[in-house]
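Some notes on the structure that comes next.
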Amino acid sequence: MKKENKIEDKIENKIENKAGRAAAQGELLCVRDLHKRYAVENSRTMKREYTEVIQEISLTVRANESVCIMGRSGCGKTTLLKILGGLLAPTAGSVYYKGENLFRYRQKRMEEYRRTQVGFVFQDYKLLDHLTVRDNMILPLMLEHKDVGAAVRKVEEMADRLQIAGRLEYYPGELSGGEKQRAAIGRALMNDPELILADEPTGNLDEASGRIVMELLTGLQKEMHKTLILVTHDKEIADYCDRTIMIRDGRIS
Ligand SMILES: Nc1ncnc2c1ncn2[C@@H]1O[C@H](COP(=O)(O)OP(=O)(O)OP(=O)(O)O)[C@@H](O)[C@H]1O
Ligand SMILES: [Mg+2]
């Protein structure tokens, strides 16, 4: 092993020990010096160009808290959320989940992290149109080979809490936006993930439906002791969270 690799590993181990202690103190996510650069091919010059979207973001998220991320369009909010959810690798820096370096996970472990530890909620719901609300919600449990009877009961209980019990046999195309988002929240919570990542969950909703969705989302998050990281442009939506982080030019401002 090269000398510089040894030094890098030593530093990495030191950070990991620190992150391990942090996890023991209730820190769920610990982001250190994160960078993300996208490469795009310029269609005119045919040359590869780079954009630094995230530049040196460090932050800590404690278990059970709700954190809002705000910033102007294009500042890197979705990119950051994708990295935290293990959907996108950073160019540099680390994300520790319960003290473990996420991007040192092997592929299988990363898939398991995404499936069992994270629940995603998207602005455009991403429900499967050819499945009923019941089947959309039960799908994550079936992928985990959970007991069918217990899964059915869980879906009904969750639908009840999200006030869509009367919509379980409907298809997404037959629902209002707010109902679709409540079904998507139910699906995100079905596997009992620790972390909920919501990217502008009220972005397509009117004010009243947005408020209902946020009350249910943050209510369930507190009651079920989940950690929520939510992106929004709306100050009133941000007020539902415990604290807000502002991103400007790829950095926390
Ligand atoms: N796959 C990609 N390849 C190249 N550039 C990308 C890619 N994804 C995003 N970008 C660029 O990175 C920047 C940040 O994108 P991102 O989607 O994270 O912004 P955002 O803060 O979520 O914006 P919005 O509020 O509009 O959703 C944008 O300028 C975008 O063009
Ligand atoms: Mg976005």
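The values are calculated or read from the model by the stated rules, or taken from the named source; none is laboratory data. Treat the numbers as computed from the prediction; the structure is a model and nothing was measured. Every residue, glycine among them, receives a Cβ derived from its backbone with ideal geometry; neighbour counts consider all protein chains shown.
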Could you list, ordered by first residue, the pairs with Cβ atoms under 9 Å in which the first is in the stretch 60-76 and hydroxyl-bearing (Ser, Thr, Tyr) and the second is part of a loop (DSSP other than H, G, I, E, B) and more than 14 Å from ligand 2 (Cβ to nearest atom), at least 6 apart or interchain? Ser66/Lys226; Ser66/Tyr240; Ser66/Cys241; Ser66/Asp242
What helices (runs of 4 or more DSSP H), lying completely within the stretch 138-235, carry at least 3 residues that are surrounded by fewer than 20 Cβ atoms within 10 Å (Cβ to Cβ)? 148-161, 207-223
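For the stretch 62-75, check the following and say yes or no: at least one residue is under 12 Å from the mean Cα position of the chain (by Cα) and not hydrophobic (A, V, I, L, M, F, W, C).
yes
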Here is a list: Val95, Val121, Val133. Which entry is crowded, with 17+ Cβ neighbours inside 10 Å, within 16 Å of ligand 2 (Cβ to nearest atom) and modelled with pLDDT of 95 or more? Val121
So for the stretch 77-91 (the condition being away from ligand 2 (no atom under 16 Å from the Cβ) and closer than 30 Å to Gly166 by Cβ), does at least one residue qualify? no
